[in-house]
Each structure stands twice: as structure tokens, then as C-alpha cells.
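Remarks on the structure that follows.
What follows is calculated from the coordinates using simple rules that are stated; it is not laboratory data. What you see is a predicted model, and the numbers here were worked out from it, not measured in a lab. Every residue, glycine as well, gets a Cβ built from its backbone with ideal geometry; the counts of neighbours run over all protein chains shown.
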Amino acid sequence: MLKITAQISIIWLATAATGMLNTPLEAQTTEVVLHSFGCPPRGANPVAGVMRDAKGNLYGTTMNGGPANVGVVYKLNTAGQQTVLYSFTGGADGTGPASNLIIDSAGNLYGTAGGGASGMGVVYKLDNTGHQTVLYNFSGGADGGNVRGGVIRDSAGNLYGATYNGGAANAGVVYKLDITGHETVLYSFGGGADGAWPDGGVIRDSAGNLYGTTLGGGSADLGTVYKVDTSGHESVLHSFAGGTDGVEPQFGVTRDSAGNLYGATLFGGNDQSAGIVYKLDATGHETVLYTFTGGLDGLWPSDGVILDSAGNLYGTTSNGGSGESGVVYKVDTGGHETVLYNFAVGAGGFSGGSATLVFDSAGNLYGTTQFGDVANTGVVYELDAAGQATVLYSFPGDAGGADPSATLAADSAGNLYGTAYSGGPANVGVVYKLDPKGNETVLHNFAGGNDGSGPYAGVTRDTAGNIYGTTVYGGPANAGVVYKLDPAGNETVLYNFTGGADGANPYAGVILDSEGNLYGTTYSGGPASAGVVYELDPAGHETVLYSFTGGDDGAHPYAGVIRDSGGNLYGTAADGGQSGAGVVYKLDATGHQTVLLSFDITDGAAPYAGVIRDSAGNFYGTTVTGGPWFLGEVYKLNSAGQVTVLALLDDPTSGVIRDSAGNLYGTSKLSSGAGLVYKVDASGNYSVLYNFSGGTDGNAPIGGLIRDAAGHLYGTTSYGGTNNSGVVFRLQ
């Protein structure tokens with residue numbers, strides 16, 4: 001196990017466990033929004049599943065879209081015609097509904113959304129005329145805050161649910177709302193052995209007991225399954241221990257008539273990373289029914305499971321499968337998994353099962369995807385017993401760019417260059433330029449065919465003004481492309497990935513050497529489907545420099561590479577390594593790989609961002625999770641292979657940049673909240689430079705930062721802004 005030197009304040013450690021970011025603020029830092037992107041009007045990105053009524057109509061919510069682009073409630077009739085029942089305004093009525101709906105006998109719908117009068121979430125009712133009533137506004141105090149799961153309803157009309165934060169220890173509550181909207185906190189989590197942060201909703205048995213899961217807390221602080229009885233007494237039925245037992249039971253549970261509970265964990269399993277499906281009997285004894293491998297069987301369960309009358313379980317994953325975009329799976333009573341459907345990407349296809357499934361009486365399954373199809377804004381689909389999928393409804397796109405998830409590039413005149421993952425006429429992404437006044441020029445609209453689709457990474461620019469980048473999908477094999485744009489915006493596809501030994505799905509961008517060669521990584525492909533490091537010469541000829549095996553050498557390099565003067569390349573792989581938690585690696589000029597650091601999940605895991613290197617040969621980077629409370633970390637790796645944890649923070653998806661004084665800067669999108677920009681000085685002192693509100697200033701800064709000569713920081717957020725489709729910002 002690696003020795004960790006944690007150079008952070010006790011205040012930060014204590015507050016990080018509750019999700020409260022009570023860190024030192026540099027109050028002089030202000031934000032300027034340089035550009036706000038647009039998005040679709042009729043709904044987009046349905047994160048929650050659908051509910052089906054007796055007539056076969058489907059009801060659901062989208063997190064984005066609508067006139068204010070903060071989500072809608074919609075209905076699909078049996079012919080697939082959509083009706084928007086309600087469009088959220090982003091005010092007191094709520095914003096970004098991300099939970100399932102329920103319906104009563106009179107046709108009223110009930111659900112939850114973020115925002116509201118206090119910004120901590122609401123429970124709402126929608127009658128059959130489309131009139132919305134906010135039943136309860138959470139304050140974020142003792143009553144709870146940041147409601148994520150939906151609600152259930154008893155025969156008397158009372159509603160029950162859970163909040164992620166709030167309560168006595170800011171670790172969440174289980175609540176009841178009576179028919180007048182009066183709230184009773186049934187249980188307030190302490191954040192310790194009793195659990196912390198209930199991320200899903202609750203279920204209820206015939207005796208009135210409630211069951212659910214917490215993302216943290218428990219004996220190992222890796223999550224629990226809990227029961228709250230009618231007296232408000234909580235019992236921890238199971239504390240997850242990590243490893244084969246599972247990590248982060250994010251999705252709630254399902255219960256059978258014998259009192260057994262079933263669920264899935266996002267992480268854990270044999271390789272610590274791909275997730276499991278589990279069963280708890282009435283005594284709390286756990287049986288792992290299935291462990292995902294992260295390959296064709298799926299990776300990272302994206303919601304809970306549902307149960308049929310024969311005891312088979314059904315669910316979805318957000319990744320893995322033959323299309324690397326998730327699967328619909330079945331686990332039978334013997335623990336055997338069958339992949340019912342592989343999600344894919346492209347026109348007529350769809351990506352990433354992201355929500356709970358529902359059955360009809362004929363055994364057909366219905367669900368939603370957050371992304372995919374022509375507009376890449378999600379679909380509602382039906383899957384029959386033969387595994388045949390039908391898109392019932394595809395959410396529309398918009399001509400403007402949306403979801404700028406990448407780090408920016410800048411020229412000497414102060415213009416900024418970047419990509420938006422979606423938007424444009426085909427809604428599969430654009431390359432854009434912003435002048436110093438914030439005026440946008442779209443340099444290229446991707447069409448979603450051979451020219452590429454989904455430019456997730458940022459761009460590299462040469463001295464002649466040509467721009468180079470990658471798309472995750474598109475090309476003849478839909479495995480991604482490397483492209484070049486000349487100063488006039490004309491595109492040349494330099495290389496089409498085939499999805500075989502040459503690689504597939506380049507989430508990372510490219511770097512350029514003095515001879516015009518490009519270097520990058522692909523997330524998948526290669527002989528082991530674990531990704532490759534590649535070189536492209538100026539003529540577009542590819543050489544695979546290294547193919548990951550998925551073992552100790554790492555797997556799935558999500559980030560790109562850096563290069564030193566000797567031609568050595570350095571990067572990270574998000575998975576694999578000795579503990580399955582990812583690695584930092586070096587490739588010499590002959591393609592020989594050396595693992596510089598193999599992460600242990602207790603010391604850091606999932607290095608989705610790459611590394612930077614100082615003149616002394618030290619490396620700096622981030623991990624998304626791992627370490628105390630599985631928060632993620634900023635780390636330093638010296639030339640001797642010793643790692644020092646400089647700061648712990650919540651979900652630092654992007655990497656760091658470094659100034660001449662040794663200060664590090666980065667972003668965190670946060671698992672609760674809208675994200676922040678942080679600084680870690682050369683002594684390891686952590687401070688927050690800016691907290692995003694989630695409104696017009698932006699939400700979810702997934703990409704990294706760049707810095708100008710005056711010390712201003714520039715970056716992007718994937719959401720927020722005037723249309724909730726992301727912003728480009730400057731901190732000064």
C-alpha cells in the first residue's frame with residue numbers, strides 16, 4: 001500500500017465527509033461568462049426512467065429542454081406521440097427533474113426536482129390538466145436537501161422519499177409528506193455506521209417499513225442498505241465492505257414477497273471497478289448474484305434492478321457491451337447473466353441505458369437513454385422478449401452547440417477554441433471559436449457520419465492556425481476519427497478508427513510534435529479491447545505504440561498523453577493495474593511501457609485525467625474516487641515513484657495546471673452541487689476560487705483550465721448558463 005502524505009487542513013477533512021465545502025475562499029475571484037450555449041425546446045436528456053399507465057401511455061421527465069431548458073414532464077401515447085405536460089421554469093417550481101414519476105388513480109403525477117425556493121429541491125404534484133403544485137420545498141437544514149430519488153405513495157396519499165443531504169449531520173434524511181404537504185423527518189442519518197447520503201428513493205412493505213440505500217457511511221464508509229420502521233428506528237441491514245462485496249449502492253433496492261432485497265452497486269466486484277448485482281435475505285445476509293467484468297457483459301450499473309414473477313432481475317449499465325455504450329441485462333436465479341441488448345451510438349441508435357426499467361403485461365421492457373439517436377439528446381425505447389429494440393421517441397436537438405466538456409485552447413490574439421459534444425444542425429457537436437469579446441464562430445458542424453460525431457476532447461492548434469482533434473464516435477466503423485480543420489474551417493479526416501487492433505473511441509485529444517506527428521489514446525479497441533496509445537504521421541498513417549492488456553499495465557486510457565524532449569510519453573489509464581484502480585505510465589520512444597504508479601483503491605482510484613510534469617520530473621494529477629470517503633484526490637508523484645496526496649475533494653474529473661510558483665489549479669464538478677474551481681498552493685494548502693451556483697454562471701465544470709499571462713483562468717461548464725447548455729467562463 002502506498003504511503004500518503006495528506007497536506008490538507010483538518011477543517012477540509014471534516015467537512016468533506018458531509019459534502020459541505022467549508023473551505024477557505026479567495027473572495028476576490030469573480031467570474032465572467034464569455035458565452036452561453038443553447039439547447040432543445042421540447043425536452044432533452046431523460047435521466048429518469050418511464051412510468052406506464054393501464055392504457056399503455058408512458059410518462060417521464062427530462063433533465064434539460066423546455067422553454068427555460070431546465071426540464072419537462074412528458075407523456076407518450078401508444079402511437080409514440082409526445083405531449084409536454086409541464087415545462088419547469090427553474091424558479092420556485094424546480095429545475096432538472098431526474099427521478100421517476102408515480103401516478104394515482106385520478107391521474108395525478110408526483111415527482112421530485114432540484115432547485116425550488118431554497119435551491120435544495122422540491123416535491124411536486126402535476127394534475128391531469130398540467131397544473132403543477134409544489135407540495136414541499138426543502139431548505140437544506142434539518143428537513144433535508146438535494147432530493148435525488150423519487151417518491152412513493154401509500155393508500156392514504158402520504159408520500160415517502162429520501163434526500164441526499166440535510167438533516168442533523170448533513171448526511172441526508174428519510175421523510176414523509178402528508179396530504180397537506182406537512183413534512184415529518186422519519187430518520188436523519190448520522191453519517192457514520194448508520195449510513196450517509198441516500199442517493200436513491202425508498203420502497204415500502206405492507207407493514208409500513210421503508211428500505212433504501214446510502215452511498216456512504218456504514219462500517220467501511222462504502223455504503224449501506226437500511227430499513228426504517230414505522231417508529232423511525234433505523235437498522236443497517238448490510239454495510240458494504242468493498243472488493244467483491246461491492247462499493248456505492250447508488251440506486252435503491254427491490255423487494256420480493258419473501259422479504260429478500262435486490263440491488264446493484266456502481267463499483268466493486270472482483271476488479272474493484274465494474275459493479276455487482278446483489279441479494280440480501282431477511283436477515284441481511286448478502287449473496288453476490290453477479291459480478292460485472294467491464295467487458296461485453298457491461299460496466300457500471302446505471303440504476304437498480306427490477307424483478308419478474310420468476311425471480312429474474314433486469315437492469316442497465318452505462319458502459320461496456322459490444323458498443324461500449326452500456327447494455328440491458330438479465331440475471332437469472334442461478335446468477336447467470338444474459339445481455340438482452342447492446343446500446344450503440346449513431347443515427348437510429350442510442351447510447352447508455354441510464355434509468356430504471358419497467359415491464360408491461362406482455363413482458364416488454366421500457367426505458368430511456370440520456371444520450372444517443374440523431375440528436376444525441378436521448379430516447380424512450382421498448383425492448384421485446386426477443387431483444388428487439390424500438391425507439392418510441394427521440395428527443396429533438398438544436399442548431400446551437402451544447403455540452404462543452406473539453407479544455408480550451410488559446411491563440412496569441414486572445415481567441416479561444418473549443419468543442420461542444422452536442423449541438424449543431426445534426427446535434428453531434430461543433431468546433432467553435434470565441435473572440436476576446438465572447439462572440440462565437442462555429443468553425444465546423446459535425447454531421448455524425450464519416451466526418452465524426454461527439455467531439456468530447458479539446459483541440460490542438462499549430463503555428464499555421466490549423467486545428468486538430470478527435471471525435472468519440474463517427475467514421476465508417478463509428479469508432480471515432482482524428483480530424484484537422486484548416487483556418488477556413490475545412491475539415492480533413494486524418495484517420496478513421498476501425499474498432500479493432502488500431503483502437504476505438506478516442507475520448508482524449510491529440511498533441512503535436514515539431515515534425516507534425518500527432519499522439520493520442522483510445523479508450524477501447526486494441527487486442528484486449530482495453531485501449532491503445534497511437535501515433536499519426538502527417539500523411540495520416542497510424543502506428544500503435546502500445547496496446548493495453550487490461551492487467552497490471554492498465555486499461556481504458558480516458559486521458560491523453562504528454563511528451564518530453566526525449567520522445568517519452570506519459571499518461572494515465574482509468575482502470576487496470578495491480579488493484580484495478582488505474583495506473584500512471586511511461587512509454588519510451590521504442591514503445592516499452594513502464595508503470596510508474598499503480599493506484600490502490602484506498603489511496604486513489606480512477607485517474608480519468610492525465611498528468612502534467614514539472615522540470616524536476618514530478619507528475620501531478622487527479623483521481624475521481626478513492627482515498628478517505630472515496631472523494632477523489634489531487635496527487636503528486638515524484639521521480640522515485642512516491643505519491644503524495646495534496647488535497648481531497650469531491651469528483652475532480654479534470655486534471656490540473658501549474659503556474660511558475662508551483663500552485664495547482666483545477667475543477668471539480670461535485671456529486672452534489674454545481675461544481676467549483678480550486679487552487680492548491682506549493683505547500684498543499686487548498687482553497688476554493690469559485691463556487692458555481694448552477695444558474696447562469698454555469699454548472700458541472702468537467703473540462704480543465706487554461707491560464708493567461710495575467711493569471712486569469714478560463715474554462716467551460718457542461719450545463720448551466722442562459723439555456724442550461726453550458727458556458728465558457730473567465731475567473732479574474
Straight-line reach only, C-alpha to C-alpha below 28 angstrom: list the lysines that Lys279 could link to, leaving out same-chain residues fewer than 8 apart.
Lys176, Lys227, Lys330
Tell me what the chain gives for mean residue ellipticity at 222 nm when only DSSP H runs of n ≥ 4 count, each as -39,500 (n - 2.57), the sum divided by the residue total, rounded to 500 deg cm²/dmol.
0 deg cm²/dmol
Peptides 62-75, 645-658, 437-450, 478-491: what's the order by average Cβ count within 10 Å, highest mean first?
62-75, 645-658, 478-491, 437-450
Centroid-to-centroid separation of region 161-221 and region 600-662 [C-alpha atoms, Å]
33 Å
Between Ser615 and Ala54, how many nm apart are label points set 7 Å from Cα along the C-beta direction?
7.8 nm
How far is the Cα center of region 251-320 from the Cα center of region 411-477, in Å?
39 Å
My understanding is that a pair violates if its Cα-Cα distance is over 30 Å; which of Lys586/Lys679; Lys484/Lys679; Lys433/Lys679 do that in this structure?
Lys484/Lys679
The chain, relative contact order in percent, only Cα pairs under 8 angstrom and at least six apart counted:
10 percent
Rounded if a/c under 1.5, otherwise prolate or oblate - region 398-496, Cα gyration tensor axes
oblate
Full-stretch length increase - Asp154, Ile511 - with 0.36 nm per residue and alpha-carbon distance subtracted
122.7 nm
Alpha-carbon spread of the chain, three principal axes, descending order, Å:
73, 54, 54
Can you put Thr112, Thr407 in order of Cβ neighbours within 10 angstrom, beginning with the fewest?
Thr407, Thr112
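Using only alpha carbon pairs under 8 Å that are at least six residues apart, calculate the relative contact order of region 518-598 and give it in whole percent.
Computed over region 518-598, the figure is 22 percent.
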For region 518-598, I need the span (max minus min coordinate) of the C-alpha atoms along each principal axis, in Å, sorted largest to smallest.
39, 26, 18
